[in-house]
Amino acid sequence: MNKVIKGDNITDAWKKSINHLLQNGREDYNLIVEIEDPTKDDLETRRQFNSVLLGMGDQSIETVSNTIFPYGIWSKSENRDNLYERFIKVYPTLRKVPENNKGTYFGRLVQWGYGTDKCFNQVENTIFKLNREKENGRGIRVMYEMSIYDPILDLNNQMGFPCMSFISVKVRKEFVDLTAIYRNQYFVQKAYGNYLGLGRLLEFIAKEAGYKVGKLTCIATHADLGSISPKANFTEMIDICTNQKQVELNFDA
C-alpha cells in the first residue's frame, strides 16, 4: 500500500517524510506527500538544515528551490512577462554550469524546445488556459499539464537531471492545486528545496490566474533518504527533525 504523508506546511511535511524513511529502510516506492499550505515553512528549521547541507558540501535549500522557480528574479520583476524576459536572458549562462547542461526545471517549463525556433512557455500557457476557463464560465478543471521529461533529450538518462518528470495543475473550486511526479527524489539533498520551489511556482500560477493557492502533492515513485555524512551531520539532522518548535512564515520573510 502506498504511504501518504500529510503536512500542514513545507517543514512539517519534510520532517514527517524524513522520519518515515528513517523508519523504513531509508527508501520507499510511490511515497505521496501532501502539503496543505505550501506557501509557509519554518525559517529556523530552514536555517539549521542549510547549515547541515553546507557541512556536507551540498546545495542550499534556496538553490534547489530556484531551479524550479527563480524567486529572486521574480521578486525584482515588474510582472510575469518581465520575469520570463529576465530569466531567458540569463538561461544560457545557467546552462554553462555542468549540472545544468540539460537545463533547469524552470527552464524546461518556460523554454521547452530550447535551442530550436519552437520554444514554448508551458507556464504561461497554463496561466492563459486557467484565465480563459475562469472568464468563459466553462470551468474545465483538468487540462493543465506541464512536462519536464523529454523522451528524446533524456532517452539515455540513468541518474541525475531531470528527477522530476511531470507537473499537473488542477482547479478545485476557487483553489489551484499542483501535483509533481518524481522518478527519484533524494529527501536529504533535495526534497525541502523541491517543496519550497514547487510551492512558489504554485503561488505564482494561482495569483496570476486569479485563484487561491491550494495543496501541493509530490509523488516520489522512488523516495531515497540520500547520503548523510559525517555522522555529526546525521545526528544534527535527526535533532532538527524531532524539534517541535516552529515559527511559521510567508515566503517574503
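Derivation of every value follows stated rules applied to the coordinates shown; laboratory data play no part. Everything numeric in this text was worked out from a predicted model, so none of it was measured. Here the Cβ is made from the backbone with ideal geometry for all residues, glycine too, and neighbour counts use every protein chain on show.
Remarks
- Taken along the Cα-to-beta-carbon direction at a fixed 7 Å, the label points for F166 and E145 span 0.6 nm.
- Whole-Å semi-axes of the range 4-243's equivalent ellipsoid (Cα gyration tensor): 29, 21, 17
- Separation in nanometres of the label points that stand 7 Å from Cα toward Cβ, at Q158 and A232: 3.4 nm
- The value of relative contact order for the chain, using C-alpha pairs under 8 Å at least six residues apart, is 30 percent.
- Stretchable slack from D239 to S60, in nm (0.36 nm times residue separation minus alpha-carbon distance): 62.6 nm
- At R0 = 22 Å, FRET efficiency that the Cβ-Cβ distance of K129 and K96 yields, to 0.05: 0.10
- Every helix of 4 or more DSSP H residues in the chain counts as -39500 (n - 2.57), and over all residues that averages to -13000 deg cm²/dmol at 222 nm.
- Rounded FRET efficiency, nearest 0.05, which uses the C-beta distance separating D117 from K3 and R0 of 51 Å: 0.70
- Restraint check, K40/K207; K118/K170; K15/K40; K6/K207, Cα-Cα greater than 21 Å: K118/K170; K6/K207
- Per-residue packing, averaged as other Cβ atoms within 10 Å, sorts the ranges 231-241, 172-182 into the order 172-182, 231-241, beginning with the highest.
- Each residue in I35, I68 was given a count of other beta-carbon atoms within 10 angstrom of its own, and listing them fewest first yields I68, I35.
- When peptides 46-57, 186-197 are ranked by their average number of other Cβ atoms within 10 Å per residue, the highest-first order is 186-197, 46-57.
- Between S77 and K16, the contour length at 0.36 nm per residue exceeds the alpha carbon distance by 18.5 nm.
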